[in-house]
Every structure is written in structure tokens, then in C-alpha cells.
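Visitor: Provided herewith is a single structure, encoded as C-alpha cells, for subsequent inquiry.
Just so you know, all these numbers are worked out from the coordinates, no wet-lab data involved. Source: prediction; values computed, not measured. Cβ placement follows ideal geometry from the backbone for every residue including glycine, while neighbour counts extend to all protein chains displayed.
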Amino acid sequence: MKRSPVNDAIPHEAARMARRQFLSSTTSGIGVAALASLLNPIHGRASSHFPGKAKRVIWLTQAGAPSQLDLFDYKPHLKARFGQSLPDSVRRGQRLTGMTAHQETHPIAPSLFRFHRHGDSGMHLSELLPHTARHADEICLVRSLHTEAINHDPAMTLLQTGHPLSGRPSFGAWASYGLGAENENLPAFVVMISRPSGPTNAQPLHERMWGSGFLPTRHQGVRFSPGKDPVLFLSNPAGITRSRRRAMLRDLATLNRIKFKEQRDPVITDRIEQYEMAFRLQSSVPELADLSREPETVFDRYGSESKKPGTFAAHCILARRLAERGVRFIQLYHRGWDQHNKCPAGLRTQCADTDQASAALLTELRERGLLDETVVIWGGEFGRTVYSQGTLKRDDYGRDHHPRCYSIWLAGAGIRGGLTFGRTDDFSYNIVKDPVHIHDLNATLLHLLGFDHTRLTYRFQGRNYRLTDVHGQIVRRLFA
Amino acid sequence: MTTRERTSIETDRREPLSWPHSPGVLKILPLLLPWIIFDAIHASGNGSDLAFARDIQPILSEHCYPCHGPDSQQRKADLRLDLPENAFLARDHGRVITPEDPERSLLIQRIESNDPEERMPPPSSNRVLTRQQKQRLRKWIETGAPYDSHWAWDPPRRPALPLADRNPGWPRNAIDHFILKDLSTAGLQPSPEADRPTLIRRLSLDLTGLPPTLAEGTQYLGDASPLAYETLVRRLLESPHYGERMAVDWLDAARYADTNGYQVDRDRETYAWRDWVINAFNENKPFDQFTVEQLAGDLLPRPTLPQLIATGFNRNHMMNEEGGIIPEEFLAEYCADRVETTATIWLGQTFLCARCHDHKFDPFTQKDYYSFYAFFHHIEEQGRGNYGAPIRRNNPPMLQLPAPELEAKRDQLKLRLGERKRALSAAAEDSPERKQLETEVEALSTRIDEVDLEIPTALIMRERSEPRQTHVLVRGAYDQPGEPVTARTPLSLPPMEADWPRNRLGLAKWLIHPNHPLTARVTVNRLWQRLFGKGLVATPENFGTRGALPTHPQLLDWLAVEFVESGWNVKALVRLMVTSATYRQSSRVPAGARERDPGNRLYSRTPRYRLQAEAIRDQALAVSGLLLTTIGGPSVRPYHPPGLYEQVVAGKGAKTYREDQGAGLYRRTLYSYWKRSVPNPALLAFDAPFRETCVVKRSRTNTPMQALNLMNDPTFVEASRVLAAEMIEHGGSEFGNRLDYGFRRTLGRPPQNAELDVLKATIQRSLADFQAFPGDAQALVETGRTPLPTTIAPTELAAYSIAASILLNLDETITRE
């Protein structure tokens, strides 16, 4: 028996027809999410408040907290203070983690790395980021971000969900809820996680960081993994070809329609549609994840690691492909930035993992006209201390957690390139100018997506919850 | 009901207190809620069809209370619109509300003002009153601005059964009278009773989480007794799987999991508590006792082992083991988690809001919050977990469970260790004998530790010998103690009796007081949600002023009173619900009902909804015959996609998921290992929560991820193949008979001809297909660890597997109708 050609269109259309039987003419031209919201308003979504500059977000999350002192926050005067104790006038009794609170001294560890000015803007960036530095006029460096959380788990949860404890929706889930999917054949919110190549301290991550909290679970981030099943349970079992699956789904839909006729429950037709979408995912996702047709020049740009599935560099290529296909929220996590000891060595491998690929992503987004509609963010959950954790050596030091100030960069839609925003004191310990809280960052990003952060809400426990809780100021000076 | 030990709480069960009019309350009258004062004023009625709770309070709560409500810090202009005595006050510019005179009410002037400086709510608040809302407020003031207490603050009273003039023969019990009344008012008829196959499947899934077996179906269908249904209900309530079914919701609420949750997310051992819950439901432990033992089992006189295990309820919160944390910060989190969980489960209140400031919509102050917090603050616990300790070492306070064999082994080893130590002290310095003995002593000590760790443990509650001083935490910050407080319940709710201890036992007694306005209502509502798919109050987590109003307030109160008066008898309440005519209706949407009862708010049919995540997998295992029905014990590890842990874990947490090889693959899903940082993805796909915080309502979505799971997860591929073999071996020799058999096993009903035709075509097509590609057939049927039958050709088995997979994927299969 010959295998029959795949025919996607017929059952999909049939499902649409079935739905029309009870929704009459209201359905034409409305996407799946909107349809679902007609059927079941509580599972629906908001819509943007004004036209946003950005259609999507790529969040290059550097998990573990990269050292702002060695990458972004240039402090040339620290050299002269090598080994001196951090003045009490700077620390001002602020809390330290349990790892260094009881350390006898807190000796100042100037960065081992040189900083140079880059681009027309003259932005100071570390020699560890030569590729990113070429985009100095495209990125906006915020040196005055701050948070309250001092430990990884609450801090990453706060960064992603606006609250240090579990239970709230992540930014990506809010974006999915607010904007819905641009491409019906792919999830609106995709997460990819890479491990460090060097022997550094990698902090764990939790599903809650891309969870949907109290939003309907359909807004949860979908993990893309390297290997056979980029999305869980995507592949048919051994022995089931695509045409066999097509035939099986046709029979399944026929039976479900018989049920619908007698039961008249719209959930049944929605279910038929979800199976059709699953079938489409089975082809759209492997096509998306398949980098084999990318030309060699692309891999050259992202670096040799980009050919290895599951690396940050490979994920950056995938991020571009996801952006091209209209995925709303693309979140990469690269682990391994927790340099409590051997900070210089750890940073060298971490930057080797990420610098070239992050820069190549910016280049490609620009070339393909996507950077104007995509906002890219690079950074972690907090900063690191100016003083050394453990013994300070001329060529080695460790750095503990530091929530009082840290640096991230933004680029793309609506962002003012070449801007260095905010200032910290001589020790990169306290912010002296233009503090930006995580809530402010999130309010600003939501604004770029077309939302007033105070009005993107979801009712839970009698309260209208927001990503920014009761906080958040839009930092308009970051805008182009 | 089985025999049960009653605790000392029994004595005060039926002594009604004069809540809320006891002298203790009068002293704090100025702080109390408006209804005590104003009930009398407005008892005369107002001649309007506006109801304060339904039509006015939601507007005030949503738009006004944030600045003119219970929160003293945010309050503007010293105005409280939640309290009439404040709202009616004569002020410099006039009265905010002048009853019966909207023109002389500042409230109306301000909400109708066109001046943005004047207008309320201010434009900056993003709150906008609709024209209808403004009209309502005006009309309300015209009719005297009658305030009424929020419905949920008053103790429920048993209402008289309403009598409907139509369908007098329909009601089977009290529930139906209330339902019928509203149906009749809307001009709707109840639906006819569902057919027997639907009823037995519905009941079995609702009460045990498992579908009926063929034999059970045959028995029920053939039972000519008029009490056949009642007999069936009785059998299911006595099934040991009833407790498993009921436990699932309680595990969500109690945030039960097998790991600590934070950071490296190492394992904990607490299945003894989970088994206690199953057992409590099975033996029909009255809900009051169920409450007392879990909240305060350790404080009962001479607590039994199960009563101590029960207190694990309050240890299910997440536990941080991260090296750098500040222990005090997380002690505060654990306490806050207990407050939030207790308030949600028993009170249906959102106390969390009051952690940092007075509650904005409901009458709970920040001081109330920390006084409640004080009940949970004196535990002999540590803020930072045992990161350095072996993986199986639970965080204290904990309890070793009886394990006679292991204990004997350990004691024997200890004896030997004693011997060797004595010999060692007698051995000559530097002798070879000494060296030997030293090695032996070390080995024995290690071995004793190992055996000790094998003894199962339970997390429990234990009070510190020295209580801590509890403070209000300013803005909720653990390191900003404010005013000192002692343990007490919120002042806006009826007070604790003077002779109750101010500890968790006193708190539990307060919660189960027969006149408590919330506990019974909230509990009854969750049970209704369990059986009808949604609560009578659609927000089971919030019975406050911003929660949903009950669709059937009188029914809710009737059930609450009935529940308390039955001795908090859970099985009796469940029986009452499932034997109602309301429950027994068909779930088909009757003609015209979609327009007149769109959300099925009136129950013009029985709700039809997708099964919970656990039931979907359990059902597939059950209908294929794979399910192992052992109850309880350590958690198991069924099939799981590879690589998920590796991407995210670190440190000493479980680095990889190791699937079980045998029995663990086929146990009921509530026994599946639950890792909080990476919960089982198949469960998440079907809306299971993370089990990190208290959840009393799951969402119910319909997504392509669910479809992928049911089609491709080896769990379901294997179940399809095993079901296919059953169809071939036991269904007869013809297509039709075999499919009929498969249909009945899966759905408890025979197929219609049209359905049969579809599946016949499936089989014919697939047989021809696989005969042409036998390698594919072989590959398909090899999925899963169950051995292949030797008597069935792989091509035939594969063809039937496709049909079986269709059966397991049907909307009807994963739906309770």
C-alpha cells in the first residue's frame, strides 16, 4: 500500500466549519486564542493598550548574576584600593549574604580586566566583550538596575515574575496573555536553557520562572530542548508516520464530531482544533529547530559552538528563527554566572560562551529588519560585590551576591542605542544617579510592547494583579 | 462511618456561642464591622430591588475602598466608605453620603463631576465608573443608602426549602428544591436523568477517579432495584480508591510535594502525611477532627502517631537550603506560607494582602495578620535546610516512623559497635589489633548511619520550649519588627473563647466552631466544586468582598448548616450531592438552554468538563488493565521525558530522573514523584499546579500540548497497545465485537453504528498498511515495558493499537459527562 500524501488543509477546515455551526459568522479571521476567549472568556486574553514599538521580546537571561564590575561598570580608581577594606561609609550596614557576612575582611578586588571606549558613543565596555562592544551604538547600557533579593532563587523569580515568591505569572506568560500568538503554529512563549561550557558554579532554574502563575496554564513558557523532541511529546511514536497520524486524526475528529452533534458542547470543537494545531506543530517545530540549512556564514558569525545543539550560541540562532516566525517571547537562559570564586577564569569561559553569539544575534536581527520590532535584553538577576569573597590575590578573586546595583543592556525596538544610563558610586556598591528597579524595567518593557503596566491586569483572589505589583515607573529616557 | 477516636474537641461542638454578640466583642465594638450596628437600622427593608452585597458593595470595593476602605495607611480624607457611621458623618463640606438625598451627597457630586481635579475615582487611578454603576449608587442613596453585612461574615442559617410550583416530583433531596426554584424563575426545566452508563461512569470518576470496570457496569445496568443508584453510591464511597480521589484536591491545597522547592530542590520524605490524608478520607474522619489533627495534632493530649503525622500539613511549604540565605528571612516565609494556606483553605480569605499593610477591601488589619501569624511562629524549626546532610535526612522537626526490622538491625549494629569500642579501649597502642578495631568501629558507625537513614521519617510540627516574640513586620520585611503581638484571630471575625489556648489547638477549635461564618461554607463549596466542576462561589479562594457572589446563596448556607449538624460528615455530604436529581441530570445541552443559561449557572444540566490530569492517566492505565491498585507508600517514578532535569538542576538535587522499571510505572498518578522545580510535564500540560503554594482551583485549558501528550507519551502508547491486546483476546473474533468491547471498556457504553463504522475503517486501513510495513508495526507495539503477547501478530496488534489510541484520545474519554 502506498502512503497517502499528507493533507493538512481538509480536517482543519472541517474543524473550522464545525465551530461556525454554533458561532455563526463571528469567527472568520479571528485567531485561536481569540476564539478560545469567545468560547470561554475567563481563558481569554487582554489586548494591547496602544500600538507598541516592539512586537516581541528576546530575553538573554544570564543566570547566576554576571559581575557588573568586570563587564560593564568601569571603576578605574579601584586599582589604587586593591586589598583595602570596603569602607563602612559605603556599605552602610546593608545586609550581606550568609556566605560573606561573617568574613573577617571585605578586601576590595578591582577588576582584572581592561575597559575601553567603543563606538561613537564612547561606551565603556570590558575586554571580555569584544563582540558586544561592536554594537556599542546599538545597545543601551543600564548600570543602575537594582533588586531586593539577595539569593538566586528569589532573585530570579523576582526578575521574571515581579515577585520573589512563587505563584505569579512570568513576564513571558503576561506577554502571551496580553498579545496572544502571532503565529498560530507555534507557541507564543518559548524557553531555551543552556549550560556553561566551563567548570563554573551553575545555579538551578525552576519551571516557575517561566510559569503562568494564576494565569491560565496555556500561557506557560514552552521549553524547547535539543534532541529528538524539541517540544515535549512532539514526535510520533516509533512506527507512526505523518500520514498515519493524519489518518488517525481524521478518524478521531469524525468521532468527536459525532459527539458534538449530540452533546453540543463547544469544548469538543475546540478540542478538534487543538489536535489540528498539534499536528501542525509536529511539522512547524522540527522545521524551525533544524539548523542544517543555515549557511556556513551564519555559524561563523555565532561561533563554532553554534553547531552544537543546546549551546547558548545555537539557541541564539534559534532565537532569530523564532523571531522570524513571529514568536512573541523568546527567553534564553545561560547558566553558570555565579562566580563566588575564580571569578576571572569563570568570566572568561562564560563570555566565550555568550559574547559572540549575543552580538551575532543583534547583527542578524538588524540585517533582517527584525531589530526594529524586537527588544533584546541581556543580563542576570543581581550584581556582584566589589570586595572579594575568600582570599584576594593579584590575579584571582571571588565575588558574592550584590543586589544594590548591577548592569544590563537593552537593544532594539524603541531603545536608544549608545546610551549609558545611571551611575553607581566609586565602588559599584550604591546607585548615585537614576536608579532603575526591576519593576521599572518591566514597566518600561511592557510600554514598548504597547501596554500600560498598570492596566495589564488579571483578577485573582479579588485583586487585579500586575507584573509590576503596585510599583514600576517607565524609564522614558531609555527610549529612542 | 468507621469507629474513630474523638478528641477533646467534641465537647464544645454543639454549644452554640453567642457569636458575635459576646461581651468580649462589645468591648471592641468601635473596631467591629458595620453590620452589628447597622443591621438593626436597616432591618426594616428599603423598598428597592437593589441588594447591597450584590449591586453596591462590589462597586465600592473595586473603586473606592483602595483609598476609602479598611487600609488605614492608604486612607485618604479620613473617609471610610465601608463603614456607614463614617460615610454618613457631617464634614466641613457636607456629608459624603446623605441617605435619601443624592443631591446633598458629596459622593454623587464627585463621581458625576466633569472636573478631573474633582472627579472620583481620580483619573490617575485607572478606575472608571460606568454610567450604570453611577446610577446604581444614586438610586442606592435615594433609597436610604442601606448597608448590609457582607454575606460571608454572618454565620449561615438553615433556610426553609423553597417550593416551586412546577415539577414538584423532580426534587430528590433538599439541593434540588433550591436548584429548581431558580430554574423555574428563569422559565427553564431541569434536564432528564442521564442514562445508566453515563451515571456509573460519572459517579466512578467523581468518587474514585477511576472508570467503572465492565463487570461493575454490567452489575449496575442489570440491577432492577429502585435503589440501584443508591447501592452504587454506597459501594463507591466504601471503595479504598475514594480516599485517593479525594486526596488529590487536598494535596493541591496543602501544597504537597516530594522536594523542598527552593534552589537545588532536594528531596524530602513526607509520603506518610499523604497516606494519612488518603486514610482519613477513607475512614470518613469528620472534617472537624481532620482539621484539628492537621493543624494541632501535636498539641492534643497524648497525641497518637497518626495525629503527629497529620501535622505534616503545616510542613509542606517550600524549604530553602541555599547556602547564602539569611535564616530569619525564610522563617518568616514559612510562617507566612502557613498563614496564607490556612486562610485560603478554611476561611476562603486573602490574608496575603495584609502582610505588608492593612487589607484594602476586607476588614483585616496588618496587626490581625501578624497575630494570626503568631500561631505558627513558635515551631522548633530552622530557617535554612540541611543542605550538607544526606539527601534522605528530613529537616527538623521530624519523626522516625516505626520500622521494626530496620530498628532491630540498627540496634544490633549498635551493640556490636559498643563491643568493638570497648575492645578498642583495651587494645595496645599501635598494635595491629588496634588498627583493625579502628577500621571496624568506623565501618560500623557508617553502617549505623546508613540504616538509620533507611528508616522512613515524617515532617511534623513541634512547639519550641521558649516561644518567640512575634512582631508586626513593617511593610512585611522580616528585619523590620514593629509592634509586638500575641496569637489571636482577626478582630472582625467572631472571637476565640476565653478558655481556649492561644495556640494552634485554639485556632483549630475556632475554625470548627459550629457558628463560624466561613469554615463550613468554604469547605462545602470546595466539595461542590469537586462534584459539579465549579463552586457555588466561583472563587473558592476568596469569600471576601471582592470574591464572586454565590450563585445559590441559600443552597450554600443550607449545605453548610447540614454539614456542621451532621458532625462534619464528609461522606454524608458527598452522598447528598451525588444523590440529588441535580447531579443525576444529563449533561447534554438542552435546546434553548445555551441562550437562557449560557454558563450553566442555573444547573439546567449537569456540568460536563475535562478530567483532572491524574484521572486522565489513571483511566488509561485502568481501561488497559495496566493499573496497579496498591495504596500508599513512597512515591514512584513513571515514564518521563529524558533530559528535563539535566538542563536545570544543580548541586545536590536529583540530577536525572530515573524511571522505575516495574510496578512504579503503573501506580496511580497521585503517587508519582513530584519535583517542584520540574514537575511532571504531562501533569503540567493538563493544568496541575506546581505545588509550591496553596491552590484550591485548577485552571481547565484545552491545548495542543495535551493532544501531543495523549498521542505520543509512552504511557498512552503502551496503554493503547495493551488495550488493543485485550480487545483482540477478549472481544471476540470479529472487528465489530472487538471494537464494541474496547468501547465499553473505555467509555462504559457500546458504540453507535456510525462510530463503529469509523473505527472499522481505521482497523481495515491500518491492517493493510501495517501488512505492507511490518517493521513499523513491530516498532509501534514495542513501546513500553509490558511484554508483548506471543499469540497476536504485530501487524494486527498495531492496527488495533491505532483504534485503541483513538479511543483514549476521544474528547468523551477525557471528559466527565
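Visitor: Along the positive direction of the dipole of the protein assembly as shown (beta-carbon charges: Lys, Arg +1; Asp, Glu -1; about the Cα centre), which of B:V649, B:N279, A:L332 reaches farthest?
Guide: The Cα lying farthest towards the positive end belongs to A:L332.
Visitor: Relative contact order for segment B:34-149: what percent, with Cα pairs under 8 Å and sequence separation of 6 or more? It would help to have the intermediate numbers written out before the result.
Guide: Working: 147 pairs, mean separation 36.7, N = 116.
That works out to 32 percent.
Visitor: Other chains' Cβ within 10 Å of A:228-236 residues: what's the mean?
Guide: Numbers: counts 3, 5, 0, 3, 12, 16, 5, 2, 5.
Mean inter-chain Cβ contacts per residue within 10 Å come to 6.
Visitor: Among B:L759, B:L723, B:T815, flag the residue with its Cα farthest along the positive direction of the charge dipole of segment B:712-816, charges on Cβ as +1 for Lys/Arg and -1 for Asp/Glu.
Guide: It is B:T815, whose Cα lies furthest towards the positive end.
Visitor: Can you give the average number of partner chain beta-carbon atoms within 10 Å of each beta-carbon in peptide B:317-330, as a whole number? Walk me through the intermediate numbers first.
Guide: Details: counts 0, 3, 0, 3, 0, 9, 5, 13, 8, 7, 1, 0, 7, 2.
That average works out to 4.
Visitor: Right, something else. Provide B:E782, B:E429 in ascending order of the number of other Cβ atoms located within 10 Å of each residue's Cβ, fewest first. It would help to have the intermediate numbers written out before the result.
Guide: Details: B:E782 16, B:E429 5.
Going from least to most buried by this count: B:E429, B:E782.
Visitor: Moving to a separate point now. Viscosity 1.002 mPa s, temperature 20 °C: give me the Stokes-Einstein translational D for segment B:308-466 in µm²/s, with Rh taken as the Kirkwood radius over C-alpha pairs. Could you put the intermediate results ahead of the total?
Guide: Details: Rh = 19.2 Å.
D = 111 µm²/s.
Visitor: Please name whichever of A:A345, A:A357, A:F279 sits farthest to the positive end of the charge dipole of segment A:254-398, dipole taken about the Cα centre and charges placed at Cβ: Lys and Arg +1, Asp and Glu -1.
Guide: Farthest along the dipole direction, towards plus: A:F279.
Visitor: Can you tell me the length gained on complete extension of the stretch B:I792 to B:L214, counting 0.36 nm per residue apart and subtracting the Cα distance? Can you show the working numbers first?
Guide: Values: separation 578, 0.36 × 578 = 208.08 nm, distance 2.29 nm.
Full extension of this stretch gives 205.8 nm more.
Visitor: Sticking with this one: Could you calculate the FRET efficiency of B:Q189 with A:K261 from 1/(1 + (r/R0)^6), where r is the beta carbon distance between them and R0 is 22 Å, rounded to 0.05? Intermediate values should be presented prior to the final figure.
Guide: Working: r = 22 Å, r/R0 = 0.99.
Given R0 = 22 Å and the Cβ-Cβ separation, E is 0.50.
Visitor: Report the relative contact order of segment B:712-816, percent, no decimals, based on alpha-carbon pairs under 8 angstrom and at least 6 residues apart. Working shown, then result.
Guide: On the way: 124 pairs, mean separation 40.8, N = 105.
Dividing the mean separation by the residue count of segment B:712-816 yields 39 percent.
Visitor: Sticking with this one: Report, in order of residue number, the helices in chain B meeting two criteria: a C-alpha extent of 30 Å or more along the helix axis, and a mean Kyte-Doolittle hydropathy of at least -1.0; treat each whole DSSP H run as one helix. Walk me through the numbers before you get to the answer.
Guide: On the way: long enough: B:404-426 (33 Å, -1.11); B:432-454 (33 Å, -0.96).
Membrane-span-like by this criterion, though nothing is claimed about a membrane: B:432-454.
Visitor: From the Cα gyration tensor of segment A:426-480, with a ≥ b ≥ c the square roots of its eigenvalues, which class applies: rounded if a/c is under 1.5, or else prolate if a/b is larger than b/c, or else oblate?
Guide: Details: a/c = 4.18, a/b = 1.74, b/c = 2.40.
The shape class here is oblate.
Visitor: A:S48 versus A:K433, label points 7 Å from Cα toward the beta carbon: distance in nm?
Guide: 3.3
Visitor: Still on this model: By how many degrees, 0 to 90 and rounded to 10, does the Cα axis of helix A:266-289 deviate from the longest principal axis of chain A?
Guide: Relative to chain A, helix A:266-289 is tipped by roughly 50 degrees.
Visitor: For peptide A:461-470, compute the average count of partner chain beta-carbon atoms within 10 Å of each residue's beta-carbon. List each step's numbers first, then the result.
Guide: On the way: counts 14, 18, 8, 4, 0, 0, 0, 0, 0, 3.
Taking the mean over all residues of the peptide, I get 5.
Visitor: Between the helical axis of A:312-324 and the dominant principal axis of chain A, each derived from Cα atoms, what acute angle in degrees is found, rounded to the nearest 10?
Guide: Roughly 50 degrees between the two axes.
Visitor: Taking the Cα centre as origin and putting +1 on Lys and Arg beta-carbons and -1 on Asp and Glu beta-carbons, what dipole magnitude results for chain B, to the nearest 20 debye?
Guide: Working: 100 positive and 105 negative charges, 195 e Å.
It comes to approximately 940 debye.
Visitor: On average over all directions, what projected area in square nanometres does chain B have, based on the convex hull of its Cα atoms?
Guide: Over all viewing directions, chain B projects a mean Cα-hull area of 44.2 nm².
Visitor: Where nothing but the Cβ of Lys and Arg (+1) and of Asp and Glu (-1) is charged, how large is the charge dipole of segment B:34-149 around its Cα centre, in debye to the nearest 20?
Guide: Details: 15 positive and 18 negative charges, 54 e Å.
Value, rounded to 20: 260 debye.
Visitor: Turning to a different aspect of this structure: Got the relative contact order for chain B handy, in percent, Cα pairs under 8 Å and 6 or more residues apart? Before the final figure, lay out each step's value.
Guide: On the way: 1311 pairs, mean separation 130.7, N = 817.
Relative contact order here is 16 percent.
Visitor: I've got another one for you. What is the helix-to-structure angle for A:152-161, meaning the angle in degrees between its Cα long axis and the longest Cα principal axis of chain A, kept from 0 to 90 and rounded to the nearest 10?
Guide: So the inclination is approximately 50 degrees.
Visitor: If you don't mind, another one. Considering all projection directions equally, how large on average is the shadow of the alpha-carbon convex hull of the protein assembly as shown, in square nanometres?
Guide: Projected over every direction and averaged, the Cα hull of the protein assembly as shown covers 55.6 nm².
Visitor: Same structure again: Among the listed pairs A:K228/B:K675; A:K228/B:K655; A:K433/B:K367; B:K134/B:K367; A:K393/B:K675, which are separated by more than 31 Å between their Cα atoms? Spell out each step's value before the answer.
Guide: Details: A:K228/B:K675 24 Å; A:K228/B:K655 20 Å; A:K433/B:K367 37 Å; B:K134/B:K367 34 Å; A:K393/B:K675 41 Å.
From the list (A:K228/B:K675; A:K228/B:K655; A:K433/B:K367; B:K134/B:K367; A:K393/B:K675), the Cα-Cα distance tops 31 Å for A:K433/B:K367; B:K134/B:K367; A:K393/B:K675.
Visitor: Per DSSP H run of n ≥ 4, the term is -39500 (n - 2.57); total these for chain A, divide by its residue number, and report the mean residue ellipticity at 222 nm rounded to 500 deg cm²/dmol. Don't skip to the end; give the middle numbers.
Guide: Working: 13 runs with 156 residues, N = 480.
Estimated from H runs of four or more residues: -10000 deg cm²/dmol.
Visitor: Rounded to the nearest 500, what is the 222 nm mean residue ellipticity of chain B from helices alone, with -39500 (n - 2.57) per DSSP H run of 4+ residues and division by all residues?
Guide: Values: 34 runs with 361 residues, N = 817.
Helices in chain B give a 222 nm mean residue ellipticity of -13000 deg cm²/dmol.
Visitor: Along the Cα-to-C-beta direction of A:R242, a point sits 7 Å from the Cα; which residues of segment A:289-328 have their amide N less than 17 Å from that point?
Guide: Residues passing the 17 Å test: A:289-293.
Visitor: Something else: If you place +1 on the Cβ of every Lys and Arg and -1 on the Cβ of every Asp and Glu, how big does the dipole about the Cα centre of segment B:175-217 come out, in debye to the nearest 20?
Guide: Computed charge dipole of segment B:175-217: roughly 40 debye.
Visitor: Assuming R0 = 56 Å, can you tell me the calculated FRET efficiency for the pair B:Q436 and B:T630, based on Cβ-Cβ distance, to the nearest 0.05?
Guide: Details: r = 46 Å, r/R0 = 0.82.
Approximately 0.75, to the nearest 0.05.
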